[in-house]
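The values are calculated or read from the model by the stated rules, or taken from the named source; none is laboratory data. Because the structure is predicted, anything quoted here is derived from the model rather than measured. A quick note on method: Cβ atoms are made from the backbone with ideal geometry, for glycine too, and the neighbour counts reach across all protein chains shown.
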Amino acid sequence: MAERDVDIAIIGAGPAGMAAAVAAAASGARVALLDEQEACGGQIYRAIQSAPPERLRILGPDYAAGRALAERFAASGAQHITGAAVWQVTREHTVHYLRQGRVASLQARQVILCTGAMERPFPIPGWTLPGVLTAGAAQILLKSADVVPAEPVVLAGCGPLLYLLGWQYVRAGVPIRAIVGTTDGADYQRALAHLGGALAGWRYLKKGLALMRALKRGGVPFYKGATDLAVEGDEAVRALRFTSRGQSHRIATHAVLLHQGVVPNTQFSWALRAAHRWDDTQLCWQPVVDDWGALDLPGIFVAGDGRGIGGAVAAALQGELAGLAAAHNVGRLDAAQRDRRAAPLRAALRSHLSIRPFLDALYRPKPANRVPADDVIVCRCEEVTAGAIRGFVALGCSGPNQAKSFGRCGMGPCQGRQCGLTVTEVIADARGVPPQEVGYYRIRPPIKPVTLGELANEG
(Lines give C-alpha, C1' and ligand atoms only; values in the text may rest on other atoms or scores of the structure.)
Protein backbone atom coordinates (compact mmCIF):
# COMPACT_ATOMS: atom_id res chain seq x y z
CA MET A 1 0.00 0.00 0.00
CA ALA A 2 1.40 3.39 -0.94
CA GLU A 3 1.97 5.75 1.93
CA ARG A 4 0.48 8.64 0.02
CA ASP A 5 -3.09 7.44 -0.41
CA VAL A 6 -5.09 5.80 2.39
CA ASP A 7 -8.67 5.61 3.57
CA ILE A 8 -7.88 6.50 7.18
CA ALA A 9 -4.82 8.14 8.71
CA ILE A 10 -4.37 7.82 12.47
CA ILE A 11 -2.00 10.04 14.42
CA GLY A 12 -0.61 8.43 17.57
CA ALA A 13 0.03 4.79 18.50
CA GLY A 14 -1.23 4.77 22.06
CA PRO A 15 -4.30 2.76 23.14
CA ALA A 16 -6.74 4.96 21.20
CA GLY A 17 -4.68 4.90 18.01
CA MET A 18 -4.02 1.16 18.10
CA ALA A 19 -7.68 0.35 18.81
CA ALA A 20 -8.86 2.69 16.06
CA ALA A 21 -6.50 1.04 13.58
CA VAL A 22 -7.63 -2.46 14.54
CA ALA A 23 -11.32 -1.57 14.16
CA ALA A 24 -10.90 0.28 10.88
CA ALA A 25 -8.59 -2.31 9.31
CA ALA A 26 -10.95 -5.14 10.30
CA SER A 27 -13.63 -3.45 8.20
CA GLY A 28 -11.39 -3.56 5.14
CA ALA A 29 -10.28 0.07 5.20
CA ARG A 30 -6.75 1.00 4.13
CA VAL A 31 -5.24 2.37 7.32
CA ALA A 32 -1.96 4.11 8.09
CA LEU A 33 -0.96 4.84 11.66
CA LEU A 34 1.84 7.39 12.19
CA ASP A 35 3.78 7.73 15.41
CA GLU A 36 6.99 9.42 16.50
CA GLN A 37 8.24 6.37 18.38
CA GLU A 38 9.81 3.31 16.81
CA ALA A 39 7.32 0.97 18.48
CA CYS A 40 3.63 1.19 19.30
CA GLY A 41 2.27 1.81 22.80
CA GLY A 42 2.19 5.58 23.23
CA GLN A 43 3.11 6.95 26.64
CA ILE A 44 0.97 4.63 28.72
CA TYR A 45 2.18 1.42 27.04
CA ARG A 46 5.60 2.67 26.00
CA ALA A 47 7.96 -0.14 24.95
CA ILE A 48 5.32 -2.73 25.85
CA GLN A 49 6.33 -5.19 23.13
CA SER A 50 9.97 -5.31 24.22
CA ALA A 51 9.49 -5.06 27.99
CA PRO A 52 11.37 -7.82 29.85
CA PRO A 53 9.61 -9.77 32.63
CA GLU A 54 11.16 -7.75 35.45
CA ARG A 55 9.95 -4.48 33.97
CA LEU A 56 6.47 -5.94 33.56
CA ARG A 57 6.53 -6.96 37.22
CA ILE A 58 7.61 -3.50 38.36
CA LEU A 59 5.14 -1.58 36.24
CA GLY A 60 2.23 -3.83 37.11
CA PRO A 61 -0.73 -5.53 35.41
CA ASP A 62 -2.32 -2.39 33.94
CA TYR A 63 0.83 -1.77 31.91
CA ALA A 64 1.21 -5.42 30.96
CA ALA A 65 -2.39 -5.44 29.68
CA GLY A 66 -1.28 -3.23 26.81
CA ARG A 67 0.64 -6.07 25.19
CA ALA A 68 -2.54 -7.79 24.00
CA LEU A 69 -3.70 -4.61 22.23
CA ALA A 70 -0.25 -4.13 20.69
CA GLU A 71 -0.36 -7.70 19.35
CA ARG A 72 -3.82 -7.15 17.88
CA PHE A 73 -2.55 -4.02 16.17
CA ALA A 74 0.51 -5.81 14.79
CA ALA A 75 -1.75 -8.47 13.27
CA SER A 76 -4.35 -6.01 11.95
CA GLY A 77 -2.78 -5.30 8.57
CA ALA A 78 -2.72 -1.55 9.23
CA GLN A 79 0.39 0.21 7.97
CA HIS A 80 2.57 1.45 10.83
CA ILE A 81 4.77 4.40 9.89
CA THR A 82 7.26 4.59 12.74
CA GLY A 83 9.60 7.44 13.63
CA ALA A 84 7.18 9.87 11.96
CA ALA A 85 6.92 13.30 13.59
CA VAL A 86 3.65 14.71 12.25
CA TRP A 87 4.01 18.46 11.93
CA GLN A 88 0.79 19.40 10.15
CA VAL A 89 -2.67 17.99 9.50
CA THR A 90 -4.81 20.00 7.11
CA ARG A 91 -8.59 20.34 6.91
CA GLU A 92 -8.30 18.55 3.56
CA HIS A 93 -6.91 15.48 5.39
CA THR A 94 -3.33 15.82 4.22
CA VAL A 95 -0.86 14.61 6.85
CA HIS A 96 2.63 16.09 6.68
CA TYR A 97 5.38 14.38 8.65
CA LEU A 98 9.13 14.22 9.16
CA ARG A 99 10.88 10.85 9.02
CA GLN A 100 14.58 10.07 8.90
CA GLY A 101 15.42 13.68 8.15
CA ARG A 102 13.04 13.98 5.20
CA VAL A 103 9.54 15.41 5.00
CA ALA A 104 6.74 13.43 3.39
CA SER A 105 2.96 13.53 3.24
CA LEU A 106 0.00 11.27 2.73
CA GLN A 107 -3.55 11.96 1.70
CA ALA A 108 -6.39 10.36 3.65
CA ARG A 109 -10.14 10.35 3.31
CA GLN A 110 -10.55 10.42 7.10
CA VAL A 111 -8.20 11.40 9.94
CA ILE A 112 -8.29 10.25 13.57
CA LEU A 113 -6.21 12.28 16.03
CA CYS A 114 -5.04 10.11 18.94
CA THR A 115 -2.43 12.43 20.42
CA GLY A 116 -3.19 11.57 24.04
CA ALA A 117 -2.50 13.65 27.11
CA MET A 118 0.30 15.74 28.51
CA GLU A 119 1.08 16.63 32.09
CA ARG A 120 -0.47 19.76 33.49
CA PRO A 121 2.07 22.52 34.19
CA PHE A 122 3.04 22.80 37.88
CA PRO A 123 4.44 26.34 38.11
CA ILE A 124 5.77 26.78 41.65
CA PRO A 125 8.95 28.53 42.80
CA GLY A 126 11.96 26.52 41.62
CA TRP A 127 10.09 24.26 39.22
CA THR A 128 12.59 24.97 36.42
CA LEU A 129 15.65 23.91 38.43
CA PRO A 130 17.74 20.91 37.28
CA GLY A 131 16.59 17.93 39.29
CA VAL A 132 12.89 18.74 38.96
CA LEU A 133 11.00 16.40 36.63
CA THR A 134 7.39 15.58 36.09
CA ALA A 135 6.22 12.21 37.37
CA GLY A 136 5.30 11.28 33.81
CA ALA A 137 8.81 11.98 32.53
CA ALA A 138 10.27 9.85 35.32
CA GLN A 139 7.89 7.04 34.42
CA ILE A 140 8.92 7.22 30.75
CA LEU A 141 12.54 6.69 31.78
CA LEU A 142 11.48 3.65 33.78
CA LYS A 143 9.36 2.20 30.97
CA SER A 144 11.77 2.77 28.12
CA ALA A 145 15.19 2.21 29.69
CA ASP A 146 14.77 0.93 33.28
CA VAL A 147 16.27 4.23 34.47
CA VAL A 148 15.42 5.21 38.04
CA PRO A 149 16.78 7.84 40.43
CA ALA A 150 20.02 6.90 42.17
CA GLU A 151 19.13 8.95 45.26
CA PRO A 152 16.00 9.24 47.41
CA VAL A 153 13.27 11.25 45.68
CA VAL A 154 10.34 13.40 46.75
CA LEU A 155 7.05 13.09 44.87
CA ALA A 156 4.72 16.07 45.20
CA GLY A 157 1.27 17.04 43.96
CA CYS A 158 -1.92 15.08 43.36
CA GLY A 159 -3.48 12.56 41.04
CA PRO A 160 -3.44 8.79 40.51
CA LEU A 161 -0.16 8.81 38.56
CA LEU A 162 1.69 10.22 41.56
CA TYR A 163 0.78 7.22 43.68
CA LEU A 164 1.18 4.75 40.83
CA LEU A 165 4.75 5.91 40.23
CA GLY A 166 5.46 5.73 43.95
CA TRP A 167 4.18 2.14 44.01
CA GLN A 168 6.32 1.27 40.98
CA TYR A 169 9.38 2.83 42.61
CA VAL A 170 8.82 0.78 45.75
CA ARG A 171 8.68 -2.38 43.62
CA ALA A 172 11.87 -1.28 41.83
CA GLY A 173 13.68 -0.65 45.13
CA VAL A 174 13.92 3.13 44.66
CA PRO A 175 14.04 4.97 48.00
CA ILE A 176 11.28 7.57 48.39
CA ARG A 177 11.97 10.31 50.89
CA ALA A 178 8.32 11.41 50.96
CA ILE A 179 5.09 11.78 49.04
CA VAL A 180 3.80 15.31 49.54
CA GLY A 181 0.12 15.41 48.59
CA THR A 182 -1.84 18.59 47.99
CA THR A 183 -5.22 16.86 48.37
CA ASP A 184 -6.98 18.06 51.54
CA GLY A 185 -10.19 17.54 53.50
CA ALA A 186 -12.17 19.91 51.29
CA ASP A 187 -11.27 17.79 48.27
CA TYR A 188 -12.53 14.63 49.96
CA GLN A 189 -15.73 16.44 50.91
CA ARG A 190 -16.26 17.58 47.33
CA ALA A 191 -15.56 14.09 45.99
CA LEU A 192 -18.18 12.54 48.27
CA ALA A 193 -20.87 14.05 46.05
CA HIS A 194 -19.69 11.64 43.35
CA LEU A 195 -19.34 8.57 45.54
CA GLY A 196 -22.04 6.73 43.60
CA GLY A 197 -19.94 6.87 40.44
CA ALA A 198 -16.88 5.79 42.38
CA LEU A 199 -18.74 2.73 43.68
CA ALA A 200 -19.91 1.94 40.16
CA GLY A 201 -16.25 2.03 39.15
CA TRP A 202 -15.26 0.01 42.20
CA ARG A 203 -12.44 -1.81 40.41
CA TYR A 204 -10.55 1.45 39.96
CA LEU A 205 -11.30 2.42 43.56
CA LYS A 206 -10.02 -0.93 44.77
CA LYS A 207 -6.79 -0.56 42.79
CA GLY A 208 -6.21 2.93 44.16
CA LEU A 209 -6.68 1.80 47.75
CA ALA A 210 -4.33 -1.12 47.14
CA LEU A 211 -1.64 1.27 45.89
CA MET A 212 -1.95 3.41 49.00
CA ARG A 213 -1.72 0.38 51.30
CA ALA A 214 1.37 -0.86 49.47
CA LEU A 215 3.08 2.53 49.83
CA LYS A 216 2.36 2.59 53.54
CA ARG A 217 3.65 -0.96 53.95
CA GLY A 218 6.78 0.18 52.12
CA GLY A 219 7.35 2.80 54.82
CA VAL A 220 6.90 5.81 52.53
CA PRO A 221 6.24 8.99 54.56
CA PHE A 222 3.06 10.85 53.59
CA TYR A 223 2.22 14.53 54.00
CA LYS A 224 -1.35 15.63 53.29
CA GLY A 225 -2.94 18.94 52.40
CA ALA A 226 0.42 20.51 51.48
CA THR A 227 0.46 24.20 50.58
CA ASP A 228 3.10 26.84 49.80
CA LEU A 229 5.22 24.38 47.81
CA ALA A 230 8.61 25.67 46.69
CA VAL A 231 11.72 23.95 45.36
CA GLU A 232 14.94 25.26 46.90
CA GLY A 233 18.30 25.42 45.18
CA ASP A 234 20.67 27.69 43.26
CA GLU A 235 21.95 25.68 40.33
CA ALA A 236 20.11 22.46 41.19
CA VAL A 237 17.51 21.08 43.57
CA ARG A 238 18.46 21.05 47.23
CA ALA A 239 15.12 20.65 49.01
CA LEU A 240 11.34 20.87 48.80
CA ARG A 241 9.71 23.31 51.20
CA PHE A 242 6.00 23.25 52.09
CA THR A 243 3.39 23.58 54.83
CA SER A 244 1.25 20.67 56.00
CA ARG A 245 -1.34 20.78 58.78
CA GLY A 246 -0.06 24.12 59.96
CA GLN A 247 3.56 22.99 60.21
CA SER A 248 6.43 24.10 57.98
CA HIS A 249 8.55 21.35 56.46
CA ARG A 250 11.76 21.17 54.47
CA ILE A 251 12.84 17.87 52.94
CA ALA A 252 16.37 17.71 51.58
CA THR A 253 16.61 15.99 48.20
CA HIS A 254 18.31 16.20 44.83
CA ALA A 255 15.26 15.01 42.89
CA VAL A 256 11.70 16.35 43.01
CA LEU A 257 8.99 14.77 40.85
CA LEU A 258 5.94 16.99 40.36
CA HIS A 259 2.50 16.00 39.15
CA GLN A 260 -1.01 17.45 39.32
CA GLY A 261 -2.85 15.49 36.68
CA VAL A 262 -2.85 15.28 32.91
CA VAL A 263 -4.72 17.31 30.31
CA PRO A 264 -5.62 16.73 26.66
CA ASN A 265 -2.92 17.44 24.09
CA THR A 266 -4.95 19.70 21.81
CA GLN A 267 -2.27 21.25 19.59
CA PHE A 268 -3.50 19.60 16.39
CA SER A 269 -7.18 20.36 16.98
CA TRP A 270 -6.34 24.00 17.77
CA ALA A 271 -4.17 24.23 14.65
CA LEU A 272 -7.14 22.95 12.62
CA ARG A 273 -9.26 25.79 14.07
CA ALA A 274 -11.75 23.27 15.47
CA ALA A 275 -14.15 24.38 18.19
CA HIS A 276 -12.95 24.00 21.79
CA ARG A 277 -14.49 24.58 25.18
CA TRP A 278 -13.07 25.15 28.63
CA ASP A 279 -14.01 22.28 30.92
CA ASP A 280 -14.21 23.56 34.48
CA THR A 281 -14.32 20.03 35.90
CA GLN A 282 -10.97 18.98 34.47
CA LEU A 283 -9.69 22.59 34.26
CA CYS A 284 -8.51 22.35 30.67
CA TRP A 285 -9.43 22.91 27.05
CA GLN A 286 -11.25 20.11 25.25
CA PRO A 287 -12.17 19.85 21.57
CA VAL A 288 -15.90 19.85 20.89
CA VAL A 289 -16.81 16.40 19.51
CA ASP A 290 -19.88 14.26 18.99
CA ASP A 291 -20.48 10.76 20.38
CA TRP A 292 -18.15 9.25 17.77
CA GLY A 293 -15.38 11.75 18.47
CA ALA A 294 -15.98 13.77 15.30
CA LEU A 295 -14.87 17.41 15.31
CA ASP A 296 -16.87 20.18 13.67
CA LEU A 297 -14.67 19.56 10.60
CA PRO A 298 -15.79 16.90 8.10
CA GLY A 299 -13.89 13.65 8.33
CA ILE A 300 -11.66 14.45 11.32
CA PHE A 301 -12.02 12.70 14.68
CA VAL A 302 -10.37 12.87 18.10
CA ALA A 303 -10.15 9.75 20.28
CA GLY A 304 -8.65 9.04 23.68
CA ASP A 305 -7.32 11.46 26.25
CA GLY A 306 -6.90 14.11 23.56
CA ARG A 307 -10.66 14.75 23.82
CA GLY A 308 -10.89 14.55 27.62
CA ILE A 309 -9.10 12.56 30.30
CA GLY A 310 -10.56 9.09 30.80
CA GLY A 311 -7.65 6.66 31.09
CA ALA A 312 -6.18 3.93 28.90
CA VAL A 313 -9.15 1.58 28.72
CA ALA A 314 -11.59 4.39 27.92
CA ALA A 315 -9.14 5.70 25.31
CA ALA A 316 -9.07 2.33 23.55
CA LEU A 317 -12.87 2.18 23.52
CA GLN A 318 -13.10 5.70 22.09
CA GLY A 319 -10.50 4.77 19.49
CA GLU A 320 -12.54 1.76 18.44
CA LEU A 321 -15.68 3.91 18.13
CA ALA A 322 -13.84 6.47 16.00
CA GLY A 323 -12.42 3.69 13.85
CA LEU A 324 -15.92 2.32 13.20
CA ALA A 325 -17.26 5.78 12.36
CA ALA A 326 -14.41 6.51 9.97
CA ALA A 327 -14.82 3.11 8.31
CA HIS A 328 -18.50 3.87 7.82
CA ASN A 329 -17.67 7.25 6.30
CA VAL A 330 -15.43 5.63 3.66
CA GLY A 331 -18.06 3.04 2.79
CA ARG A 332 -16.55 0.02 4.53
CA LEU A 333 -19.42 -0.42 7.00
CA ASP A 334 -23.09 0.41 6.68
CA ALA A 335 -24.82 2.31 9.48
CA ALA A 336 -26.43 -0.82 10.93
CA GLN A 337 -23.11 -2.66 11.14
CA ARG A 338 -21.42 0.35 12.71
CA ASP A 339 -24.14 0.87 15.32
CA ARG A 340 -24.37 -2.83 16.20
CA ARG A 341 -20.64 -3.03 16.86
CA ALA A 342 -20.67 0.27 18.74
CA ALA A 343 -23.42 -0.59 21.24
CA PRO A 344 -21.34 -2.79 23.60
CA LEU A 345 -18.41 -0.37 23.30
CA ARG A 346 -20.60 2.51 24.48
CA ALA A 347 -21.85 0.49 27.45
CA ALA A 348 -18.28 -0.40 28.44
CA LEU A 349 -17.18 3.22 28.01
CA ARG A 350 -19.90 4.47 30.35
CA SER A 351 -18.80 1.94 32.94
CA HIS A 352 -15.12 2.88 32.75
CA LEU A 353 -15.86 6.63 32.89
CA SER A 354 -18.21 6.39 35.86
CA ILE A 355 -15.40 7.06 38.35
CA ARG A 356 -14.05 10.14 36.54
CA PRO A 357 -16.22 12.76 38.34
CA PHE A 358 -15.02 11.36 41.67
CA LEU A 359 -11.36 11.47 40.63
CA ASP A 360 -11.67 14.92 39.06
CA ALA A 361 -13.19 16.30 42.27
CA LEU A 362 -10.73 14.54 44.58
CA TYR A 363 -7.60 15.52 42.67
CA ARG A 364 -8.59 19.00 41.53
CA PRO A 365 -5.34 21.02 41.32
CA LYS A 366 -5.10 23.92 43.75
CA PRO A 367 -5.41 27.48 42.40
CA ALA A 368 -2.02 28.45 43.87
CA ASN A 369 -0.36 25.63 41.90
CA ARG A 370 -2.05 26.68 38.65
CA VAL A 371 -2.02 30.48 38.91
CA PRO A 372 1.39 31.24 40.42
CA ALA A 373 2.89 34.25 42.20
CA ASP A 374 4.47 37.08 40.22
CA ASP A 375 8.08 35.87 40.43
CA VAL A 376 7.38 32.34 39.14
CA ILE A 377 8.32 31.56 35.53
CA VAL A 378 5.34 30.54 33.42
CA CYS A 379 6.80 30.35 29.91
CA ARG A 380 9.99 28.33 30.25
CA CYS A 381 11.06 28.80 26.63
CA GLU A 382 11.07 32.61 26.81
CA GLU A 383 11.45 32.93 30.62
CA VAL A 384 8.29 35.00 31.08
CA THR A 385 7.00 35.27 34.66
CA ALA A 386 3.44 35.37 35.92
CA GLY A 387 4.07 38.94 37.07
CA ALA A 388 5.07 39.94 33.55
CA ILE A 389 1.83 38.49 32.19
CA ARG A 390 -0.20 40.38 34.77
CA GLY A 391 1.68 43.49 33.68
CA PHE A 392 0.63 42.81 30.09
CA VAL A 393 -3.00 42.61 31.23
CA ALA A 394 -2.67 45.96 32.98
CA LEU A 395 -1.53 47.42 29.65
CA GLY A 396 -4.53 45.99 27.78
CA CYS A 397 -3.56 42.41 26.94
CA SER A 398 -6.79 40.39 26.72
CA GLY A 399 -5.58 36.88 25.87
CA PRO A 400 -2.68 34.53 25.15
CA ASN A 401 -2.24 35.67 21.54
CA GLN A 402 -1.75 39.26 22.67
CA ALA A 403 0.72 38.03 25.28
CA LYS A 404 2.94 36.91 22.40
CA SER A 405 3.13 40.47 21.13
CA PHE A 406 3.72 41.95 24.56
CA GLY A 407 6.54 39.64 25.61
CA ARG A 408 7.04 36.59 23.33
CA CYS A 409 5.18 34.36 25.77
CA GLY A 410 4.37 31.08 24.01
CA MET A 411 6.67 31.75 21.05
CA GLY A 412 9.39 29.25 21.96
CA PRO A 413 10.02 25.77 20.52
CA CYS A 414 7.06 24.19 22.35
CA GLN A 415 4.60 26.69 20.79
CA GLY A 416 2.90 27.24 24.12
CA ARG A 417 2.28 23.57 24.80
CA GLN A 418 3.96 23.81 28.21
CA CYS A 419 2.60 27.19 29.29
CA GLY A 420 -0.71 27.56 27.45
CA LEU A 421 -3.06 26.48 30.24
CA THR A 422 -1.23 28.58 32.81
CA VAL A 423 -1.25 31.68 30.61
CA THR A 424 -4.99 31.31 30.02
CA GLU A 425 -5.68 31.01 33.75
CA VAL A 426 -3.32 33.82 34.79
CA ILE A 427 -4.93 36.21 32.32
CA ALA A 428 -8.45 35.10 33.27
CA ASP A 429 -7.64 35.63 36.94
CA ALA A 430 -6.12 39.06 36.31
CA ARG A 431 -9.09 40.15 34.21
CA GLY A 432 -11.69 38.59 36.49
CA VAL A 433 -13.34 36.65 33.64
CA PRO A 434 -13.80 32.93 32.84
CA PRO A 435 -11.04 31.13 30.88
CA GLN A 436 -13.47 30.55 28.01
CA GLU A 437 -13.57 34.32 27.43
CA VAL A 438 -9.77 34.55 27.43
CA GLY A 439 -9.14 31.77 24.91
CA TYR A 440 -5.92 30.04 23.95
CA TYR A 441 -2.94 30.53 21.68
CA ARG A 442 -3.50 30.47 17.94
CA ILE A 443 -1.51 27.34 17.12
CA ARG A 444 0.14 27.20 13.72
CA PRO A 445 2.17 24.52 11.92
CA PRO A 446 4.73 23.19 12.16
CA ILE A 447 3.52 21.51 15.35
CA LYS A 448 6.94 19.85 15.64
CA PRO A 449 10.17 21.70 14.71
CA VAL A 450 11.18 21.25 11.07
CA THR A 451 14.26 22.82 9.53
CA LEU A 452 14.38 24.50 6.13
CA GLY A 453 16.88 21.87 5.05
CA GLU A 454 14.45 19.09 5.95
CA LEU A 455 11.67 20.81 4.03
CA ALA A 456 13.96 20.96 1.01
CA ASN A 457 14.49 17.18 1.22
CA GLU A 458 10.90 16.19 0.64
CA GLY A 459 10.71 12.46 0.05
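Do any strands (runs of 3 or more DSSP E) lying entirely in the stretch 23-91 carry at least 3 residues that are closer than 30 Å to Arg341 by Cα, and which ones are they? Let's see the steps before the verdict.
Values: elements: 31-34, 79-81, 85-89.
Of the strands (runs of 3 or more DSSP E) lying wholly inside the stretch 23-91, those with at least 3 residues that are closer than 30 Å to Arg341 by Cα span 31-34, 79-81.
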statement: Note on the stretch 78-132: residues farther than 30 Å from Leu229 by Cβ, under 22 Å from the mean Cα position of the chain (by Cα) and polar (S, T, N, Q) are Thr82, Gln88
message: Looking only at residues that are of a type in the set (D, E, K, R) and outside any helix (DSSP H, G or I) in the stretch 394-443, which one is surrounded by the most Cβ atoms within 10 Å (Cβ to Cβ)?
response: Arg417
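Looking at the stretch 93-105 only, could you name the residues that are surrounded by 19 or more Cβ atoms within 10 Å (Cβ to Cβ) and at positive phi? Before you say what the answer is, go through the steps one by one.
Going through the stretch 93-105, the residues surrounded by 19 or more Cβ atoms within 10 Å (Cβ to Cβ) turn out to be 93, 95-98, 103.
Across the stretch 93-105, the qualifying residue is only His93.
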- prompt: So, in the stretch 291-350, of the ones that are acidic (Asp, Glu) and closer than 25 Å to Ala64 by Cβ, which residue ends up surrounded by the most Cβ atoms within 10 Å (Cβ to Cβ)?
  reply: Asp305
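Answer with yes or no whether Ile81 is touching a residue at least 24 places away in the same chain (Cβ under 8 Å), buried (at least 22 other Cβ atoms within 10 Å of the Cβ) and in contact with a strand residue (DSSP E or B) (Cβ under 8 Å, 6 or more places away or on another chain).
Numbers: touching a residue at least 24 places away in the same chain (Cβ under 8 Å): yes; buried (at least 22 other Cβ atoms within 10 Å of the Cβ): no; in contact with a strand residue (DSSP E or B) (Cβ under 8 Å, 6 or more places away or on another chain): yes.
Criteria not met by Ile81.
How about the stretch 265-356: which helices (runs of 4 or more DSSP H) wholly inside it have at least 1 residues that are among the basic types (Lys, Arg) and out of contact with any Leu (no Cβ under 7 Å at 6 or more places or on another chain)? Write out each step before concluding.
Numbers: elements: 267-271, 312-329, 335-353.
Counting at least 1 such residues, we get 335-353.
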- request: Answer yes or no as to whether Gly14 is at negative phi and in contact with a Phe, Trp or Tyr (Cβ under 9 Å, 6 or more places away or on another chain).
  value: yes
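Condition check ((1) among the small types (Gly, Ala, Ser); (2) at positive phi) across all residues:
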position	(1), (2)
Gly41	yes, yes
Gly66	yes, no
Ala85	yes, no
Arg91	no, no
Gln107	no, no
Gly116	yes, yes
- prompt: Do we have Ala271 as touching a Cys at 6+ places or on another chain (Cβ under 9 Å), outside the structural domain of Val180 (by TED's automatic domain parsing), surrounded by 17 or more Cβ atoms within 10 Å (Cβ to Cβ) and in contact (Cβ under 8 Å) with a residue 40 or more places away in the chain here?
  reply: no
- prompt: Any residue at all in the stretch 222-243 that is in contact (Cβ under 8 Å) with a residue 24 or more places away in the chain and within 19 Å of Ile355 (Cβ to Cβ)?
  reply: no
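I'd like the full set of residues that are touching a Lys or Arg at 6+ places or on another chain (Cβ under 8 Å) and crowded, with 19+ Cβ neighbours inside 10 Å, limited to the stretch 245-258.
Let us first name the residues in the stretch 245-258 that are touching a Lys or Arg at 6+ places or on another chain (Cβ under 8 Å), namely 245, 248-254.
Within the stretch 245-258, just Thr253 meets the criteria.
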- line: Inside the stretch 162-195, the number of residues satisfying the requirement of being of a type in the set (A, V, I, L, M, F, W, C), surrounded by fewer than 19 Cβ atoms within 10 Å (Cβ to Cβ) and touching a Leu at 6+ places or on another chain (Cβ under 8 Å) is 1
task: Answer with yes or no whether Asp187 is at positive phi, not basic (Lys, Arg) and not in a loop (DSSP other than H, G, I, E, B).
output: no
